[in-house]
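Inspection log for the structure reproduced underneath, given as structure tokens.
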Amino acid sequence: MSDDTHVKLLIIGSGPAGYTAAVYGARAMLNPMLIQGMQPGGQLTITTEVENWPGETEIQGPDLMVKMESHARAMGAEVVTDIVTKLDLGRRPFTAECDSGARITADAVILATGAQARWLGLPSEERFKGFGVSACATCDGFFYRGREVLVVGGGNTAVEEALFLTKFASKVTLVHRRDSLRAEKILQNRLFKNPKVEIVWDHELAEVTGTENPLGVSGAVLTSVKDGGTRRIAVDGVFIAIGHAPSSELVKDQLDLHSGGYVKVEAGSTRTSIPGVFAAGDLTDHIYRQAVTSAGMGCMAALDAEAWLAERDEAGEPDPAGAELPEQAPAG
């Protein structure tokens with residue numbers, strides 16, 4: 001890729017949404033360019049077994065993403081290993097500046113930068129990620145049938161994860177640093193009534209313990225926020241459920257956002273508040289956060305972009321280079 005490149009369709013992000021958008025964009029002869037970003041493959045690259053991807057009884061998360069990338073390349077998409085550091089959506093063509101120094105202009109943009117689970121920042125948490133430490137119960141809960149697990153958090157995310165895990169685990173311990181939950185009352189009531197759940201109030205997760213060969217979780221160390229005392233519990237898995245942060249830094253002052261930073265799209269579409277800019281996957285989705293739903297939205301984004309570009313071509317009045325767009329008023 002040269003330092004200055006123009007493309008018809010630019011896709012930013014390389015998870016299921018981004019790669020699917022690239023496949024559909026290439027099939028539509030839009031010659032898309034996909035910039036992989038800081039974590040090529042997205043969150044699935046830190047997941048081990050995936051058993052809920054249609055057509056694959058079981059596949060490793062990184063292997064699935066390698067397949068998706070290969071598919072996108074085979075269809076004709078240009079996949080670039082780089083990071084977009086600045087994105088100007090205020091005028092057309094849209095402009096992306098990359099960490100490598102490359103500058104890309106595009107007639108249409110699909111944002112698929114995803115969302116990242118919030119972590120505690122513990123060294124032991126990092127060590128066991130994907131090997132007993134997870135941030136997605138619906139992704140990994142199935143692997144803990146008949147086992148004991150720990151959930152950290154006190155909001156809706158934590159309670160929903162804990163309730164979901166009771167379908168598989170023999171016991172679910174919820175650890176919260178306060179003496180009451182922040183989750184909705186109806187969720188709290190369900191949690192309190194579930195015989196598989198034990199709540200440890202006023203404690204924080206201090207350390208995840210486990211084995212090194214093979215790498216795996218065997219327990220956790222909890223610290224009291226009141227007196228600093230510690231207690232150890234035996235668990236087979238630890239789920240960090242303190243929320244997700246959408247990766248919307250590039251567009252936070254340019255597009256309408258909602259629910260703490262997720263990009264807002266029109267109902268039933270992937271259109272954002274700026275014509276020609278589309279968003280898909282976890283960047284827009286604070287409810288489902290599944291690989292298959294992200295892929296579906298990637299398909300939608302490519303089809304939406306194709307239709308929008310076709311309408312402009314038919315009108316025969318493309319925006320002149322550098323044409324300023326109406327000022328947007330993002331909603332936080």
Next on the checklist: It is to be established whether one or more residues within region 119-128 are of a type in the set (A, V, I, L, M) and either out of contact with any strand residue (DSSP E or B) (no Cβ under 7 Å at 6 or more places or on another chain) or under 25 Å from G13 (Cα atoms) (or both).
Outcome noted: yes
Item to check | strands (runs of 3 or more DSSP E) completely within region 1-97 that count 2 or more residues being in contact with a helix residue (DSSP H, G or I) (Cβ under 9 Å, 6 or more places away or on another chain) and surrounded by 15 or more Cβ atoms within 10 Å (Cβ to Cβ) | outcome: 4-12, 33-35, 78-80
Next on the checklist: Every residue in region 305-332 that is modelled with pLDDT of 85 or more, farther than 17 Å from T113 by Cβ and surrounded by 15 or more Cβ atoms within 10 Å (Cβ to Cβ), please.
Outcome noted: E306, W308, L309, R312
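Residue by residue, here is whether (1) in the same structural domain as N31 (by TED's automatic domain parsing); (2) surrounded by fewer than 16 Cβ atoms within 10 Å (Cβ to Cβ); (3) part of a loop (DSSP other than H, G, I, E, B) holds:
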{"site": "D107", "(1), (2), (3)": "yes, no, no"}
{"site": "D140", "(1), (2), (3)": "no, no, no"}
{"site": "L150", "(1), (2), (3)": "no, no, no"}
{"site": "E160", "(1), (2), (3)": "no, no, no"}
{"site": "F168", "(1), (2), (3)": "no, no, yes"}
{"site": "T173", "(1), (2), (3)": "no, no, no"}
{"site": "R178", "(1), (2), (3)": "no, yes, yes"}
{"site": "A183", "(1), (2), (3)": "no, no, yes"}
{"site": "I186", "(1), (2), (3)": "no, yes, no"}
Item to check | Members of region 217-249 found to be free of Cβ contacts under 8 Å to residues at least 40 places away in the same chain and in a loop (DSSP other than H, G, I, E, B), listed by number | outcome: K226, D227, G228, G229, E249
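Among the candidates V251, V235, single out the residue that is assigned by TED's automatic domain parsing to the domain that holds F128, modelled with pLDDT of 95 or more and of a type in the set (A, V, I, L, M, F, W, C). It would help to see each step written out before you state the result.
Values: V251 fails: assigned by TED's automatic domain parsing to the domain that holds F128.
Testing whether each residue is assigned by TED's automatic domain parsing to the domain that holds F128, modelled with pLDDT of 95 or more and of a type in the set (A, V, I, L, M, F, W, C) leaves just V235.
Could you say which residue among E97, E58 is over 19 Å from the mean Cα position of the chain (by Cα) and within 16 Å of V292 (Cα to Cα)? It would help to see each step written out before you state the result.
Values: E97 fails: within 16 Å of V292 (Cα to Cα).
Only one candidate passes the filter, namely E58.
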Next on the checklist: Name the residue that is nearest to M68 (Cα to Cα), counting only residues in region 13-41 that are of a type in the set (S, T, N, Q) and touching a strand residue (DSSP E or B) at 6+ places or on another chain (Cβ under 9 Å).
Outcome noted: S14
Item to check | Failed item, numbered, when K264 is tested on (1) on the phi > 0 side of the Ramachandran plot; (2) in contact (Cβ under 8 Å) with a residue 60 or more places away in the chain; (3) in contact with a strand residue (DSSP E or B) (Cβ under 7 Å, 6 or more places away or on another chain) | outcome: (1)
Next on the checklist: Among the residues in region 198-209, are any modelled with pLDDT of 95 or more, outside any strand (DSSP E or B), closer than 20 Å to A117 by Cβ and of a type in the set (A, V, I, L, M, F, W, C)?
Outcome noted: no
Item to check | Neighbours by Cβ (under 6 Å, 6+ apart or cross-chain): first from region 123-145, in contact (Cβ under 8 Å) with a residue 12 or more places away in the chain; second small (G, A, S) and surrounded by fewer than 16 Cβ atoms within 10 Å (Cβ to Cβ) | outcome: F131/G216; G132/G216
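The values are calculated or read from the model by the stated rules, or taken from the named source; none is laboratory data. The shown structure was predicted, so the numbers you read here are calculated from the model rather than taken from an experiment. As a convention, Cβ positions derive from the backbone with ideal geometry for all residues, glycine included, and neighbour counts pool all protein chains shown.
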